[in-house]
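The values are calculated or read from the model by the stated rules, or taken from the named source; none is laboratory data. Model, not experiment: these values are computed from the prediction. As a convention, Cβ positions derive from the backbone with ideal geometry for all residues, glycine included, and neighbour counts pool all protein chains shown.
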Amino acid sequence: MIVHCTDAWHVLSEKRKDLGGPYKTEAEAKKRLAQVEFFKHTKAAGASKRSSGAKKKTTSRAKTSPRKTKGPAT
């Protein structure tokens, strides 16, 4: 949402968190709000693509052997 505070415009989330500002004009604030909405939906789409069968790359580590002691255990 876009709100006008004192002499500037601010972009706020629905939970009233600051998403940008202050902006001199309402048009600048609307542009920022469009950016936020675009990336919000881009991240959501990217997350669903990964869960649809694409596997995340993992690195395998070499197994280490247990440590050898120098002398008999007392």
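Annotation note: Cβ proximity below 9 Å between a residue of the stretch 15-40 that is over 11 Å from Val3 (Cα atoms) and a residue that is assigned to a loop (DSSP other than H, G, I, E, B) and of a type in the set (S, T, N, Q) (sequence gap 6+ or interchain) occurs for Leu19/Ser13; Val36/Ser13. Checked across the stretch 51-69, the condition of being part of a helix (DSSP H, G or I) and modelled with pLDDT under 70 holds for at least one residue.
A residue that is at negative phi and either more than 22 Å from the chain's Cα centre (by Cα) or part of a loop (DSSP other than H, G, I, E, B) (or both) can be found somewhere in the stretch 28-38.
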